[in-house]
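These notes are about the structure you will find just below.
The values are calculated or read from the model by the stated rules, or taken from the named source; none is laboratory data. Every value quoted in this text rests on a predicted model; they were computed, and no experiment measured them. For neighbour counting, all protein chains shown are included, and Cβ atoms are generated from backbone atoms with ideal geometry for every residue, glycine included.
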Amino acid sequence: MVAMKGSRRILLAMMVGLAFLPLFAPRFYTYLISLILVYGLLATSLNLALGYGGMFQFHHCVFYGVGAYTTALMITKTKLPAVLAFLAAPVSAALLSLIFGIICVRLSKLYFGMLQISLGSLVWVIVYRWYSFTGGDNGIHGIPIPEILASTKGAYYFTLLITSICMFILYLIVNSPFGRTLQGIRDNPTRSETIGVNVKLHQLVALIIAGFFAGVSGMLFVVVDTAVFPDMLFWTLSLEVLIMCLVGGWFSFLGPMLGSAVILTLRTIVSTYTVYWSLALGIVMSLVILFLPNGILGFIEERWGRAFK
Amino acid sequence: MDLYAFISQIVVGLSRTVILFIVSSGLSLILGVLRIPNVAHGSFYMIGAFAAYSICKFFGGQDVGFWIALFGAPLFVALIGFVAERAIFQFLYQREHLMLLLITCGFSLIFGDLVKLVWGGEYKTVPVPKVFQGYVLLFKHLHLPRYNAFLLVVGPIVAFLLWFFVNKTKIGKISRAAAVDREMVEAVGINVSWVFAITFVVGCFLAGLGGMLVAPTISVSLGMDHTLIMESFLIVIIGGLGNIWGALVGALIFGLAQSLGILIFPKFGIVLPYAAVVLVLIFKPRGLLKSTW
Amino acid sequence: MTILEVLGVSKSFDGFLAIKRAQFDVKKGEIVAVIGPNGAGKTTLFNLISGVLKPDSGKIFYKGEDITGLEPHEVFRKGICRSFQIVNLFPRLTVLENVRLSILSREKRTWHLFKNASNFYEKECDHILEQVGLKEKKHIVAGFLSHGEQKILEIAIALGGKPELLILDEPTAGMSPEETSRCMELISRLRKELGLTILFCEHNMDVVFGYADRIVVMVRGETVIQGTCDEVRCNKLVREAYLGVSDG
């Protein structure tokens, strides 16, 4: 689907706005938008496997957490330059995706999801317990990152740059023959097999790509927040990212990013009034599933027919 | 390390297995009969523990509080479960599994914060009743905490009652039939809706019972639902979806792996049960026993 | 020249013997119909040939090569394409995209990550859609087509694979009489224009006797007889078992 000129213009305006944001917005908002971009990229990478690939990727945050920890550990424990630490994150995440993928791809649907949860929980518990190496349940704080990226502004621009590049690449992938094949597999794996598609192999590659970009967002989180903690690998965060995809719309490309903006903004607002954020999130989630199964963008598309794909 | 310390550690592990089995069997029942992957089951467990705390506190920490809580807390949870089932869940049975999973996740978040609302965020302690404090001495050298011995007695009793309910009572048999073919059961004129409600309530009762029983052994706190529901699902998956005896097998594997793990690697022991789950699922992705899915 | 040989193929499910030593052959350029009562195992047989199921025993030869037990995508690469009895499309993609996917797969272009899929094979898709008569509907989402059109799209998708042997599972099921004759005319045309060999199964006896060169009769998992229309029509076993019953 080709985005109509109108939506392209909106996108361009937003990009310009984002580029100039730190110059006039308070520091907190810059930080918040950085986080939105990070989680938006993470959610979009999840959606490659879930919305476009139809795979029940229930524990996507394992790759995110592993990417983040890789960067954190490399910076704090070795004398290697930070750039290598940044590059290592997506590579390690992709490697883990490969391993998980080979194990899980033999199964379908629910069993795929459950095996992934068990593998992910295993990784979580190792990170959680390995106090001497990973800092255990304290995590690692105050990670020293290069000067230019250390300030809120610096971190923001770096995040904006990397996220934009990654989103662009993901957009290309989704509209490529590979992306189209993946959607075919999602809609009808048997049919795909009989027209010659090696379904399992395509799914595996999709998982590796999704894991790769999850690793990137993990690395970005380290830059923005200078900390890592085991909860980044816990299933509840995977659930939150899933909710972002759901709320924004998981059949559209920008849905997850929108979902990230909605959830994080909501969390910021709600948290200033009350401590009961989980309650609000749970209610939002239940309402969205019951009444807006295709998310916000899905709803807009149905109503006004504009393809944001 | 001598044999008796080893055995005592295993037995402590078995008592943990009892808790896991009780909670997981409830989950398995709901999963098998109602086909709902109920993530909120962990919340019911947590509510059971907090309810036990409140009841014990009401009786000023006296032993009688414990005994009342033993039935009171699970009943309270069962009541909440009943209301939830009638008000919400009974309209959701026909939905897709993925949707049900996500909806119950939402409920789990809601319940979690409701607990925070009612009981606050600090750790709570539930005292072990005086009659169970201290140790039991077996075979002259085996020291077993009395409360764990109590759990080891409760476990088989619950298992037997559950077996009786599922296999010997009319409702149990109907729910097993409804699990396989709801429409047929309805066609025969049975009000399946009430059967489902009762099954759900029993499942919640078990969750509450598990929470109540575990309360004196740990600090009751928020977040206990999240870890437990993950463990419970893993147990139910390796046992075979919907199979209550699978829940027993799974709980045994998980509980024993945990004890053995701690014995062999004191710091990392807790990793072993998760590794065991992964191993089982790699070779038997549908679980060890027959699943009803 | 024999293009497909099915030799003594058997398959059971949990103890139930669904296919019992099935045996027949198809010659190049023929149109062969498989008929039999419901439950005779026609779809199972097609599943075995196309790789969706693996036979317990017996062999399947395609152009002299043993293809028994190959995966569906490997069978596809040999030149065998099939359509399904119950409509089995990509419901969320457009008609054009459905066919394009088939061609992309055939040309092994499914691994292209960075080029836009819309730039590929538009002309060939148009050509195929024109042949089957769906060209005006090419931008409609497949899920919104009428049932008859969806079945034609099924065939179009199979054609995208440039097959030599086309296996069609009840291609006219659920179609009105005009749709049926249009579909069968299409199939004969395809045989003539593209030199395809066609194996299909059907319940509609007019279609079978009107278009098939040879007929294979299946009863309870066994291939009872294979012969020309006249041979089959006159055969006593067949008359008893099947032809006495009115159209399913």
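Key figures
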item	result
Residue among B:Ser175, B:Ser232, B:Ser221 that alone is surrounded by fewer than 18 Cβ atoms within 10 Å (Cβ to Cβ), of a type in the set (S, T, N, Q) and either touching a residue at least 12 places away in the same chain (Cβ under 8 Å) or on the phi > 0 side of the Ramachandran plot (or both)	B:Ser221
Candidate set from the range B:205-227 (those that are of a type outside the set (D, E, K, R) and within 12 Å of chain A (Cβ to nearest Cβ)); member that is farthest from A:Ser238 (Cα to Cα)	B:Leu222
Residue within the range C:41-55 that is part of a strand (DSSP E or B) and modelled with pLDDT under 90 present	no
Per-region count, the range A:184-195, residues within 7 Å of chain C (Cβ to nearest Cβ), assigned to a helix (DSSP H, G or I) and either without any contact (Cβ under 8 Å) to a residue 24 or more places away in the chain or buried (at least 21 other Cβ atoms within 10 Å of the Cβ) (or both)	5
All positions within the range A:230-273 that are within 14 Å of chain B (Cβ to nearest Cβ) and under 25 Å from A:Tyr157 (Cβ atoms)	A:Val241, A:Met244, A:Gly259, A:Ile263, A:Arg267
Criterion (within 19 Å of the chain's Cα centre (by Cα), under 22 Å from A:Leu242 (Cβ atoms) and at pLDDT 90 or above) met by exactly one of B:Phe107, B:Phe21, B:Phe71, B:Phe50	B:Phe107
Search result, residues across the range B:53-74 that are under 16 Å from B:Gly26 (Cβ atoms) and buried (at least 18 other Cβ atoms within 10 Å of the Cβ)	B:Ala73, B:Pro74
Hits in the range C:33-72 - residues which are touching a residue at least 60 places away in the same chain (Cβ under 8 Å) and either of a type in the set (Asp, Glu) or within 14 Å of chain A (Cβ to nearest Cβ) (or both)	C:Thr43, C:Phe46, C:Ile49, C:Ser50
Any hit, the range C:86-93, residues being modelled with pLDDT of 85 or more, of a type in the set (Val, Ile, Thr) and surrounded by 15 or more Cβ atoms within 10 Å (Cβ to Cβ)	no
Considering residues of the range B:203-232 that are of a type in the set (A, V, I, L, M, F, W, C) and more than 11 Å from the chain's Cα centre (by Cα) only, the residue nearest to B:Pro273 (Cα to Cα)	B:Met230
Selection from the range B:80-103 of residues that are more than 9 Å from every other protein chain (Cβ to nearest Cβ) and assigned to a helix (DSSP H, G or I)	B:Ile80, B:Gly81, B:Phe82, B:Val83, B:Ala84, B:Glu85, B:Arg86, B:Ala87, B:Phe89, B:Gln90, B:Phe91, B:Leu100
Test: A:Leu279 is in a helix (DSSP H, G or I), out of contact with any helix residue (DSSP H, G or I) (no Cβ under 7 Å at 6 or more places or on another chain) and within 14 Å of chain B (Cβ to nearest Cβ)	no
Meets criteria (in a helix (DSSP H, G or I), closer than 22 Å to B:Ile171 by Cβ and in contact (Cβ under 8 Å) with a residue 24 or more places away in the chain) for B:Phe66	no
Some residue of the range A:118-129 being more than 22 Å from the chain's Cα centre (by Cα), more than 14 Å from chain C (Cβ to nearest Cβ) and not β-branched (Val, Ile, Thr)	yes
Where A:Tyr29 falls short, out of the listed (1) assigned to a helix (DSSP H, G or I); (2) buried (at least 18 other Cβ atoms within 10 Å of the Cβ)	(2)
B:Val202 surrounded by 18 or more Cβ atoms within 10 Å (Cβ to Cβ), more than 22 Å from B:Lys124 (Cβ to Cβ), at pLDDT 90 or above and of a type outside the set (Ser, Thr, Tyr)	yes
Exclusive hit being assigned to a loop (DSSP other than H, G, I, E, B) and either of a type in the set (S, T, N, Q) or without any contact (Cβ under 8 Å) to a residue 24 or more places away in the chain (or both), set A:Leu80, A:Leu87	A:Leu80
Whichever residue in the range C:220-240 is in a helix (DSSP H, G or I) and buried (at least 19 other Cβ atoms within 10 Å of the Cβ) and, among such residues, is modelled with the highest pLDDT	C:Val232
Residue list for the range C:98-123, restricted to those being closer than 27 Å to A:Glu302 by Cα and either at the interface with chain A (Cβ under 7 Å from one of its Cβ atoms) or not in a helix (DSSP H, G or I) (or both)	C:Leu101, C:Asn116, C:Ala117
Candidate set from the range A:258-276 (those that are in a helix (DSSP H, G or I) and without any contact (Cβ under 8 Å) to a residue 12 or more places away in the chain); member that is surrounded by the most Cβ atoms within 10 Å (Cβ to Cβ)	A:Val270
Qualifying residue in the range C:11-32 (condition: away from every other protein chain (no Cβ under 14 Å), within 22 Å of C:Leu153 (Cα to Cα) and either in contact with a His (Cβ under 7 Å, 6 or more places away or on another chain) or in contact (Cβ under 8 Å) with a residue 24 or more places away in the chain (or both))	yes
Top-ranked residue of the range C:73-97 - restricted to ones that are touching a Lys or Arg at 6+ places or on another chain (Cβ under 9 Å) and assigned to a helix (DSSP H, G or I), ranked as nearest to the other protein chains (Cβ to nearest Cβ)	C:Phe76
Members of the range B:122-139 that are part of a strand (DSSP E or B) and at pLDDT 85 or above	B:Lys124
Wholly enclosed helices (runs of 4 or more DSSP H) of the range B:140-230 bearing at least 1 residues within 22 Å of B:Cys56 (Cα to Cα) and in contact with a Leu (Cβ under 7 Å, 6 or more places away or on another chain)	B:146-168, B:192-214
Selection within the range A:218-257 - over 21 Å from A:Met55 (Cα atoms) and in a helix (DSSP H, G or I)	A:Gly218, A:Met219, A:Leu220, A:Phe221, A:Val222, A:Val223, A:Val224, A:Asp225, A:Pro230, A:Asp231, A:Met232
Matching option when the condition is part of a helix (DSSP H, G or I), more than 9 Å from every other protein chain (Cβ to nearest Cβ) and out of contact with any helix residue (DSSP H, G or I) (no Cβ under 9 Å at 6 or more places or on another chain), among B:Leu279, B:Leu252	B:Leu279
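Here's the yes/no breakdown for (1) facing chain C (nearest Cβ under 10 Å); (2) in contact (Cβ under 8 Å) with a residue 60 or more places away in the chain; (3) under 30 Å from C:Ser102 (Cβ atoms); (4) assigned to a helix (DSSP H, G or I):
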{"position": "A:Gly154", "(1), (2), (3), (4)": "no, no, no, yes"}
{"position": "A:Leu161", "(1), (2), (3), (4)": "no, no, no, yes"}
{"position": "A:Ser164", "(1), (2), (3), (4)": "no, yes, no, yes"}
{"position": "A:Ile173", "(1), (2), (3), (4)": "yes, yes, yes, yes"}
{"position": "A:Thr181", "(1), (2), (3), (4)": "yes, no, yes, yes"}
